[in-house]
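The values are calculated or read from the model by the stated rules, or taken from the named source; none is laboratory data. Since we're looking at a predicted model, the values are computed, not measured. We place every Cβ from the backbone using ideal geometry, glycine too, and count neighbours over all the protein chains shown.
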Amino acid sequence: MGIFSRKNHFEVDGRTVLITGGSQGMGRGLGKLLAQKGANVVIVARTQGKLDEALKYISSFAKSPQTQRFHAISADLISPEENARVLDEVTTWNDGHPPDIVWANAGMAHPSLFIETPLETLRSQMDMNYWAAAYLAHATLKLWLRPVTPKATPTDPESPKPRHFIMTSSVACFVGIAGYCPYSPAKAALRNLADTLRSEVNLYNGFRRSKNPPSSSGVPAADVHIHCVAPGTITSPGYANEQLTKHPVTMVLEEGDAVQTEDEVALAAVTGLERGGFLITTQWLGHAMRAGALGGSARNGWGVMDTVFSWVVNIAWLFIGPDMESKVWNWGKTNEVKLPA
């Protein structure tokens, strides 16, 4: 993760950051940290009362209270139209400029066994944890990639800083765990969306460097970078709600897992971005899960440490995998399991 570079690849001082799911949990922690680093912060969530409380909290940590600005928008992001409205409102609020950084962080887990989960819940989990981010990505990239400026060269000192689109996935995207079927497929889809968009934006970033772009059309205003953050367990109101539907066997599999506060996970995520990471995890168990499931995803930094770590994890998984399988088997063998009618 940029181990050989000290450059900050994620500068936020004076820039405008849009964070969905910003009223509590990881989103609130991100808002606080980015305010401390000098960003103008816009948070989005559904409940206006929670937004008002979170905005007051976040703005109290401003690095430069006289110049930084803060805003909250109530919206239900499972609607494509609402995502477009949010971006329009932020652009107007930001003196006609689109946000520099957009963080698709909204999401919620409803852990339960697959056959015990109503089909409506399976669909709503995909809506909240995949489609809300996909709609926001689609609207944001269409806004960012409009031709608005003359061609910039890689050495141009006036070339604007890159824009960043970040998606919050989950370590559940790396390993299938009994009891997370309503949630983890959506997070796995989000990781793959990030992989694909990371490849696609190279097309537009390369075009900005074209020697002979059409003179009449211009080019996008700035390069675009895509990132995916995969946290583990975070102490939050959402986590408390998850415990209400979580199957006991899932709790057995999660015994000993590291738990982070909203501030800890925000710091780890932003540190990964500052180091230039693409697929970022926030604690050691997550690092191991990521290394063992990289596949075709881009490696962070030079990729050497990722490659070596993946060898170690794949050997360890010869023992970890069967142990997890046996825990589920033994739970079913020793406890009553509800069967479909």
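Here are some notes:
- Residues considered: His97, His110. Of these, the only one that is of a type outside the set (A, V, I, L, M), in contact with a Ser or Thr (Cβ under 9 Å, 6 or more places away or on another chain), crowded, with 20+ Cβ neighbours inside 10 Å and not in a helix (DSSP H, G or I) is His110.
- Taking the criterion of being at pLDDT below 85, within 18 Å of the chain's Cα centre (by Cα) and among the polar types (S, T, N, Q), the only residue of the range 223-259 that qualifies is Ser236.
- Residues within the range 223-271 that are in a helix (DSSP H, G or I) and of a type outside the set (Gly, Ala, Ser), tallied: 20
- Answer residue from the range 325-337, given it is assigned to a helix (DSSP H, G or I) and at pLDDT 70 or above and is farthest from Leu253 (Cα to Cα) among those: Thr334
- Residues considered: Glu89, Glu82, Glu53. Of these, the only one that is among the charged types (D, E, K, R), surrounded by fewer than 24 Cβ atoms within 10 Å (Cβ to Cβ), within 27 Å of Gly232 (Cα to Cα) and modelled with pLDDT of 95 or more is Glu53.
- Being of a type in the set (Phe, Trp, Tyr) and surrounded by fewer than 18 Cβ atoms within 10 Å (Cβ to Cβ) is a condition met by at least one residue of the range 184-204.
- The one condition in (1) touching a helix residue (DSSP H, G or I) at 6+ places or on another chain (Cβ under 9 Å); (2) at pLDDT 95 or above that Asn94 fails to fulfil: (1)
- All of (1) modelled with pLDDT of 85 or more; (2) of a type in the set (Ser, Thr, Tyr); (3) in contact with a strand residue (DSSP E or B) (Cβ under 8 Å, 6 or more places away or on another chain) hold for Thr271 with one exception: (3).
- When Met1 is tested against the conditions (1) crowded, with 17+ Cβ neighbours inside 10 Å; (2) modelled with pLDDT of 95 or more, the lone failure is (2).
- Selection from the range 66-79 of residues that are under 19 Å from Asp52 (Cα atoms) and buried (at least 16 other Cβ atoms within 10 Å of the Cβ): Gln68, Phe70, His71, Ala72, Ile73, Ser74, Ala75, Leu77
One line per residue, one yes/no per condition, for (1) more than 17 Å from Ala268 (Cα to Cα); (2) within 21 Å of the chain's Cα centre (by Cα):
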| position | (1), (2) |
| --- | --- |
| His9 | no, yes |
| Leu18 | yes, yes |
| Gly25 | no, yes |
| Gly29 | no, yes |
| Glu53 | yes, no |
| Asp76 | yes, yes |
| Pro80 | yes, yes |
| Leu87 | yes, yes |
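- Residue match in the range 204-224 (condition: acidic (Asp, Glu) and touching a His at 6+ places or on another chain (Cβ under 8 Å)): no
- Residue in the range 272-290 that is part of a helix (DSSP H, G or I), within 30 Å of Arg146 (Cα to Cα) and either free of Cβ contacts under 8 Å to residues at least 12 places away in the same chain or not hydrophobic (A, V, I, L, M, F, W, C) (or both) present: yes
- Beta carbons closer than 7 Å, at least 6 apart along the sequence or on distinct chains, pair a first residue in the range 113-125 that is part of a helix (DSSP H, G or I) with a second that is surrounded by 14 or more Cβ atoms within 10 Å (Cβ to Cβ) for Phe114/Cys181; Thr121/His110; Thr121/Pro182; Leu122/Pro182; Gln125/His110; Gln125/Pro182; Gln125/Tyr183; Gln125/Ala186.
- Qualifying positions in the range 31-48 - assigned to a helix (DSSP H, G or I), under 18 Å from Ala268 (Cβ atoms) and not aliphatic (A, V, I, L, M): Gly31, Lys32, Gln36
- Flag if Leu141 is at pLDDT 95 or above, under 17 Å from Ile73 (Cβ atoms) and either part of a helix (DSSP H, G or I) or in contact with a Cys (Cβ under 8 Å, 6 or more places away or on another chain) (or both): no
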